[in-house]
């Protein structure tokens, strides 16, 4: 979920590195607004058709989650507009439907097929071997014991979410007035534990005596699509004394925002800028730039420069960050932003080691 910096995606036509995220300006250092998003309808006419066909299968919660999937969608639409690719989206159900969707797109002649989410790892690895002439990309790919076994036509796209979450934890630890903050995760798995571990470390770095309340919505993929459970968990944490809650739970986070509105407390979004989900109560959001990574992967494919294997994006690659823009500058003082930017530099320099478990 980059030094916290943020170009409005309305100007995302800025050149982006072909195989990775290009640096943006750091929040608090002559930065442009952080976290503005690509509009659903492109502002400019589509480029001439490139002849390249891109397929994308969404994660649990599907498009409209205002978070992880929507970020992937923005990258896909951005590529359609700027690169002239033809796109096709699929929202599967569970289990075998994910595999069937990937296989269908590959068989239909798509040049590059995305699986959005770690749940696709096994299926996309198998299907990549079945369709060696099709290129595949998996967001949040789970690394195998032997990375050399990754098919030559598959790229695993990964993020150092714990680094962005450390910054969010520092913000929560500075902002809290009661020295108690919360965390709501979706499915209890190592990936979401990275968010939690980074957040906890960030809180403790700036507020050693702060208390952190943590809870997860479940142990299956459904935990990312359960707003009622998210609201229940968040209400419990607010009633337990927390005045700031960070969620990493997909559409379940809608319930966290509902609880924040009910209790008139702060909530922190994830993956995308979630300010507009609850304008009253969103302090900031941890950005995980899936949109940029999806766009870059498509751009590399169009240019004939697709690279297989593993690619990872953290603060140094501008792959994660936090939102600081006109919508929340009255909630985060410049002093807070400057302090967090200083932590960013230390993480990138290796002076701060952020735990991920």
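The values are calculated or read from the model by the stated rules, or taken from the named source; none is laboratory data. Everything quoted here is computed from the prediction, not taken from an experiment. Every residue, glycine as well, gets a Cβ built from its backbone with ideal geometry; the counts of neighbours run over all protein chains shown.
Kindly indicate whether any position in segment 17-28 is at pLDDT 65 or above, buried (at least 20 other Cβ atoms within 10 Å of the Cβ), outside the structural domain of residue 223 (by TED's automatic domain parsing) and outside any helix (DSSP H, G or I). First the steps, then the outcome.
Start the filter on segment 17-28 by keeping residues that are at pLDDT 65 or above, which leaves none.
Checked segment 17-28: no residue is at pLDDT 65 or above, buried (at least 20 other Cβ atoms within 10 Å of the Cβ), outside the structural domain of residue 223 (by TED's automatic domain parsing) and outside any helix (DSSP H, G or I).
Check residue 178 against each of (1) more than 30 Å from residue 241 (Cα to Cα); (2) outside the structural domain of residue 313 (by TED's automatic domain parsing) and name the one condition it does not meet.
Just one mismatch for residue 178, condition (1).
Which condition number does residue 279 fail, the rest of (1) out of contact with any strand residue (DSSP E or B) (no Cβ under 8 Å at 6 or more places or on another chain); (2) in the same structural domain as residue 135 (by TED's automatic domain parsing); (3) assigned to a loop (DSSP other than H, G, I, E, B) being met?
(2)
Run down 221, 230, 173 and say which single residue is within 23 Å of residue 352 (Cβ to Cβ) and either touching a helix residue (DSSP H, G or I) at 6+ places or on another chain (Cβ under 7 Å) or surrounded by fewer than 17 Cβ atoms within 10 Å (Cβ to Cβ) (or both). Give the steps one after another, and end with the answer.
Details: 221 fails: within 23 Å of residue 352 (Cβ to Cβ); 230 fails: within 23 Å of residue 352 (Cβ to Cβ).
Being within 23 Å of residue 352 (Cβ to Cβ) and either touching a helix residue (DSSP H, G or I) at 6+ places or on another chain (Cβ under 7 Å) or surrounded by fewer than 17 Cβ atoms within 10 Å (Cβ to Cβ) (or both) holds for just one of 221, 230, 173, which is 173.
Hey, among the residues in segment 239-250 that are surrounded by 23 or more Cβ atoms within 10 Å (Cβ to Cβ) and over 16 Å from residue 283 (Cα atoms), which one's modelled with the highest pLDDT?
Quick first cut of segment 239-250, residues surrounded by 23 or more Cβ atoms within 10 Å (Cβ to Cβ) only: 242, 244-250.
Right, trim to over 16 Å from residue 283 (Cα atoms) and you get 249-250.
On the way: 249: 96, 250: 92.
Ranking the qualifying residues of segment 239-250, first place goes to 249.
If I ask for residues that are surrounded by 20 or more Cβ atoms within 10 Å (Cβ to Cβ) and not in a strand (DSSP E or B), which ones from segment 112-130 would you list?
Narrowing segment 112-130 to residues surrounded by 20 or more Cβ atoms within 10 Å (Cβ to Cβ): 112-120, 123-125, 127-128.
Of everything in segment 112-130, those that are surrounded by 20 or more Cβ atoms within 10 Å (Cβ to Cβ) and not in a strand (DSSP E or B) turn out to be 117, 118, 119, 120, 123, 124, 125, 127, 128.
Considering (1) in a strand (DSSP E or B); (2) within 26 Å of residue 234 (Cβ to Cβ); (3) over 15 Å from the mean Cα position of the chain (by Cα), say which one residue 172 fails and leave the rest.
Going through the list (1) in a strand (DSSP E or B); (2) within 26 Å of residue 234 (Cβ to Cβ); (3) over 15 Å from the mean Cα position of the chain (by Cα), residue 172 breaks only (1).
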